[in-house]
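Asks: I have a structure I would like to understand better, so I am pasting it below and will then ask my questions one at a time.
FYI, it's all coordinate maths here, none of it is from the lab. The structure displayed is predicted, hence computed values, not measured ones. Don't worry about glycine lacking a Cβ; one is built from the backbone with ideal geometry, like all the others, and counts go over all protein chains shown.
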């Protein structure tokens, strides 16, 4: 049986990340940031940490999906 190795993640300033995603005009950096955020979810081996990260992303509304958030990251991606 292989032991599960858990990755310790560095803390994130979610307000800075959201501000960057909303205001940046550099598409490559936005995509790289979104990829890094996705990796934080997919690279963890424990479901509880995956759920915790998704809920944290939702809490900080990183993609700008709330009704009063504009512009939305999704709009930029499309």
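Asks: In the list 44, 50, which residue meets the criterion of being free of Cβ contacts under 8 Å to residues at least 40 places away in the same chain and surrounded by 17 or more Cβ atoms within 10 Å (Cβ to Cβ)?
Replies: Result of the check over 44, 50: 44.
Asks: Need the failing condition index for residue 34 against (1) surrounded by fewer than 16 Cβ atoms within 10 Å (Cβ to Cβ); (2) under 15 Å from the mean Cα position of the chain (by Cα), just the number.
Replies: (1)
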